[in-house]
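Any read-out appearing in this document is the output of simple, stated calculations on the displayed coordinates, not a laboratory observation. Nothing here was measured: the structure is a model prediction, and the numbers come from that model. Cβ sites come from the backbone with ideal geometry, for glycine too, and all protein chains shown count toward neighbours.
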Amino acid sequence: MSNLEDLYREIILDHYRSPRNRGELPSPPAQRVEGFNPLCGDEIVVYLNIEDGVLTDIKLTGQGCSISQASSSMMSSAVKGKSLEQVRDAITSFKQLMTVHASTLQENGQPVEADLRSLGELAALQGVVKFPVRIKCATLAWNTLSQGLDDQLSN
Amino acid sequence: MTSFDPHFVRRDIPLLERVINDHAITYLDSGATSLPPRCVIEAMTRYYELRHANVHRSVFQTASEATAAYEGARDLTARFINAPGGAEEVVFTKNTTESFNLLAKSWGWANLHDGDVVLLSEMEHHANIVPWFQLREERGIEVRFIPVTDEYRLDLSHLDELLNNVKLVSVTAMSNVLGTINPVRELAVAAHGVGALIAIDGAQSIAHGPTDVVDLDIDFLAFSAHKMLGPTGIGVFWTRAELLNEMPPFLGGGGMIADVRLDGYTPANGPTRFEAGTPPIAEAVGLGAAVRYLQGLGMANIDAHEENLTRDALQRLEDQFAGRVRVIGPNNVVNRGAVVSLDVEGVHAHDVAQVLDQFGVCVRPGHHCAKPLMRRFGLSATVRVSYGPYSLAQDTDVLLEALEHAVKMFG
């Protein structure tokens, strides 16, 4: 069962059972963006308050599996109050963590060490890469957040 | 006919020898794809080793044999569904989805116009929804849905009104989510009563009991080989010869023509009009072998066996998991197939399936390509258990034990 424990770390189950930053923000002024995982039917709505280049508040609603719910809850804790630049960096780092395949392999075939310190408790999600089908669950909230930032820029 | 024994069937299925996470595999995903017996795999291997050649062209010995094998599979398939016009009514497609696209984009394109209605049901697979929405964008047809009751059956109480202006009724014989078996013959009578035709999605029903297109009095039938112990990559579209011969070509290219000139082309007649390009020959051979194998088992025997498995599973789920696991589908085996969808209280379907995998149990989590139906019941996903002729009540034992772990882990 070691594999399963890699996937379902205690901190993941904690975020799943007690999700942080659940709820809605009045929109407008908040940016509201929806994300779908067409494979499993998971849906998420992310609300973003952005002031002077800072993500001052974030709320999430939606439904999904423990991995998608925990990942979105952990994401909200990680990015709330951060500058947009820091938020973008966090998205990039997290998506690197969720990448398997050749691009993360060095020439000698060893996986590149992800900078887990910068990810904080999000590093608990690294076990997800061993279950490739579930990567989309973990990245749903992040892709939705990324979409929200892009939408905000184009407005 | 009386000699059916699932233990004998199991010996024929190589994949059932697999060990998954230190457990013997418990395969409960036959509704997604079924496990082929050795005779199907060997028929395809023998074809590639001894007879492989392109069909309908060359005159050398192996090419003749390949053509005979391919056309032989068409004939076997026609007999399997009792096609009144025989092999000339059986078109090989890629899968059920392509069969529905053929129906919508060929027959639908030629016969449906502004204001015509296609009547589907709320329990359809996306394969029998999206092609009609696509046609609606081009043709201004109306797509209407027969509702589903709280008892997971088609609500036919307002069928007369629903049939107003309907030119085609297109419904599934058996829901891939609920297991519900629909009253196809009754719907055929109603459709024909208003001058409409009826198409049936046989993807789920085809492997679980006898299918007789004459007895059902239907006009179109779609199904896939891989859900009836055959290979992936080949599906079937059946319609009566007089309808088929009036349908315009679907995909263009080699094989589907009678003549090509610099100023145009003349399409071929019969099924080949819809089989552009080199067809899935080995897959057709595999489908033919699967048909023979199923006929050897006896479709009525399979039906009875799966009904017993379903009754047993429904009873034990009620006994052991009442209040914790809800069956999304009829709670008895009357007009019900061997597909059992579960909503596990407080645990997402993907998490349940992930825990089950640790016990070697293969089930399908998700919306099963039936999102309108899932929305109807306020669900985003279920855990779907589905049985085949090789399934045993012991598979349910392992499932329930693993389910207990899943409920505890997330409870």
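Separation of the range B:150-226 and the range B:252-301, taken as the distance between their Cα centroids, equals 25 angstrom.
Once backbone amide H atoms are built at 1.01 Å from N, B:GLY235 has B:THR93, B:LYS94, B:ASN95, B:ALA225 as its partners under 5 Å, excluding neighbours fewer than 5 places away on the same chain. With q set to 0.05, 0.09, 0.13 Å⁻¹, the log10 of I(q)/I(0) for the protein assembly as shown, from the Debye formula over equal scatterers at the Cα positions, is -0.25, -0.80, -1.32. 3J(HN,Hα) along the range B:253-267, derived from phi through the Karplus expression 6.51 cos²θ - 1.76 cosθ + 1.60 where θ = phi - 60°, amounts to x, x, x, 9, 10, 9, 7, 10, 10, 6, 9, x, 8, 10, x Hz, with x in place of Gly and Pro. Of all lysines in the structure, the ones whose alpha carbon falls short of 24 Å from that of A:LYS59, not counting any fewer than 8 places away in one chain, are A:LYS80, A:LYS82, A:LYS95, A:LYS136. Of the trypsin sites (Lys or Arg not before Pro) found in the range B:275-324, not one falls in a DSSP loop while having at most 10 other beta-carbon atoms within 10 Å. Once the C-beta distance of B:LEU262 and B:VAL59 is scaled by a Förster radius of 25 Å, the resulting FRET efficiency is 0.35 to the nearest 0.05.
Name the shape class, rounded, prolate or oblate, that the alpha-carbon gyration tensor gives for the range B:187-265, where a ≥ b ≥ c are the square roots of its eigenvalues, rounded holds for a/c under 1.5, and otherwise prolate holds if a/b is larger than b/c and oblate otherwise.
Values: a/c = 3.46, a/b = 1.38, b/c = 2.50.
Judged from the Cα gyration tensor, the range B:187-265 comes out oblate (a/c at least 1.5, b/c at or above a/b).
Annotation for A:VAL133 and B:ALA24: the two label points, set 7 Å from Cα along the Cα-Cβ direction, are 2.2 nm apart. Each peptide in B:54-60, B:17-23, B:210-216 gets a packing score, the mean of other Cβ atoms within 10 Å over its residues, and the list from highest to lowest is B:210-216, B:54-60, B:17-23.
Of the residues B:ILE200, A:GLN152, B:ASN101, the one whose Cα sits farthest toward the positive end of the charge dipole of the protein assembly as shown, with +1 on the Cβ of Lys and Arg and -1 on the Cβ of Asp and Glu, is A:GLN152. Here the range B:41-296 is treated with +1 on each Lys and Arg Cβ and -1 on each Asp and Glu Cβ, and its dipole about the Cα centre works out to around 780 debye. Taking the Cα centre of the range A:2-154 as reference, the dipole from Cβ charges on Lys and Arg (+1) and Asp and Glu (-1) amounts to some 280 debye.
Quote the Stokes-Einstein diffusion coefficient, in whole µm² s⁻¹, for chain B, based on the Kirkwood radius over alpha carbon pairs, a temperature of 10 °C and a viscosity of 1.306 mPa s. Provide the component values of the computation, followed by the final result.
Numbers: Rh = 22.2 Å.
Once the numbers are plugged in, D ends up at 72 µm²/s.
Taken residue by residue and averaged, Cβ atoms of other chains lying within 10 Å of the Cβ of A:57-66 number 3.
Determine the shape class of the range B:3-111: with a ≥ b ≥ c the square roots of the Cα gyration tensor eigenvalues, call it rounded for a/c under 1.5, and otherwise prolate if a/b is greater than b/c, oblate otherwise. Present the calculation step by step, with values, prior to reporting the outcome.
Details: a/c = 2.13, a/b = 1.37, b/c = 1.55.
It comes out oblate by the Cα gyration axes.
Taking Cα centre as origin and charging only the Cβ of basic (Lys, Arg, +1) and acidic (Asp, Glu, -1) residues, the dipole magnitude of the protein assembly as shown rounds to 520 debye.
Quick check: from the Cα gyration tensor, does the range B:1-46 come out rounded (a/c under 1.5), prolate or oblate? Here the range B:1-46 falls in the oblate category. For the pair B:GLU142 and B:ASN111, label points projected 7 Å from Cα toward Cβ lie 2.0 nm apart.
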